[in-house]
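Down below is the structure, laid out as structure tokens.
Nothing in this text is a laboratory measurement; each read-out follows from the coordinates by a stated rule. Nothing here was measured: the structure is a model prediction, and the numbers come from that model. Virtual Cβ from ideal backbone geometry, glycine too; neighbours counted across all protein chains shown.
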Amino acid sequence: GDSVTQTEGLVTLTEGLPVMLNCTYQSTYSPFLFWYVQHLNEAPKLLLKSFTDNKRPEHQGFHATLHKSSSSFHLQKSSAQLSDSALYYCALTGNTGKLIFGLGTTLQVQP
Amino acid sequence: DMKVTQMPRYLIKRMGENVLLECGQDMSHETMYWYRQDPGLGLQLIYISYDVDSNSEGDIPKGYRVSRKKREHFSLILDSAKTNQTSVYFCASSANSDYTFGSGTRLLVI
């Protein structure tokens, strides 16, 4: 079945450094890929949604490129800010309409 | 403003009691979902509803049931709650691959 893998449970980095959170997926369908961000005690909110292969959605300085050849949708940002500290989920939706999440990566940005 | 509303926000129940979590949406979305969130386990799909009285099990349906009698309203029911059902429960609705989440219900079963 469909699945999403986020290999890092916790990423800690210093403000100003680049961010890269990994996401790979398995699907027999051509899924949409998503990144959601969740701040403490809040609901998950959509950060990015994939378009077609090699198109790059961007939002709030974050971007991600869907690479079907490697089944990846890594999240990147050139310079981390303290306010980026949050829990980030990669997710996909296939032909069943189910939104399937990875386990999440907590990003901690330190001064 | 498009919204998914969950009630209540916080709930404490004793083991063996019945629990009703309610979710409403004002977007006329056909598809609605219930997830639970636990540390280190991400968001796990409990049930999905494709429309009124058209419900399907998700990945962890055991111990839960759902009811959808109106398109805008989707309920999650725990018959005889267990302590391992302590969690944060999120409802969501979707259309055209756009998903909207509610603010969650924090359930503590003691």
With the dipole of chain B worked out from charges on the C-beta (+1 for Lys and Arg, -1 for Asp and Glu) around the Cα centre, which of B:80, B:45, B:67 lies farthest toward the positive end? B:80
Rank B:96, B:109, B:19 by how far each Cα sits towards the positive end of the charge dipole of segment B:4-109 (+1 on Lys, Arg Cβ; -1 on Asp, Glu Cβ) and give me just the farthest. B:109
For segment A:5-71, which trypsin sites (Lys or Arg not before Pro) are in a loop by DSSP, counting at most 11 other Cβ atoms within 10 Å? A:55
Springs between alpha-carbon atoms under 10 Å, Gaussian network over chain B: tell me which of B:84, B:96, B:55 tops the mean-square fluctuations. B:96
Grab the protein assembly as shown and count how many Lys pairs have their alpha-carbon atoms under 23 Å apart, sequence gap of 8 or more, or different chains. 21
Taking only Cα atoms and a 10 Å spring cutoff, compute GNM fluctuations for chain A and point out the largest among A:47, A:99, A:33. A:99
Identify unpaired cysteines across the protein assembly as shown, taking unpaired to mean no other cysteine Cβ lies under 4.7 Å from the residue's Cβ. none
Can you give the % of DSSP beta bridges in the protein assembly as shown that are antiparallel, to the nearest 5? 90
Here the tail fraction of P(r) beyond 24 Å, over all Cα-Cα pairs of chain B, rounds in percent to 17
How much of the DSSP beta bridge set in chain A is antiparallel, as a percent to the nearest 5? 85
Relative contact order (%) - chain A, alpha-carbon pairs under 8 angstrom, separation at least six: 37
Please check: in the Gaussian network model of chain A (C-alpha springs, under 10 Å), which one of A:37, A:19, A:11 has the largest mean-square fluctuation. A:11
Could you give the size of the charge dipole of chain B about its Cα centre, using +1 on the Cβ of each K and R and -1 on the Cβ of each D and E, expressed in debye and rounded to the nearest 20? 460
Averaged over its residues, how many other protein chain Cβ atoms are within 10 Å of peptide A:94-102's Cβ atoms? 5
Tell me the chymotrypsin sites (Phe, Trp or Tyr not before Pro) within segment B:1-34 that lie in a loop according to DSSP and have at most 10 other beta-carbon atoms within 10 Å. none
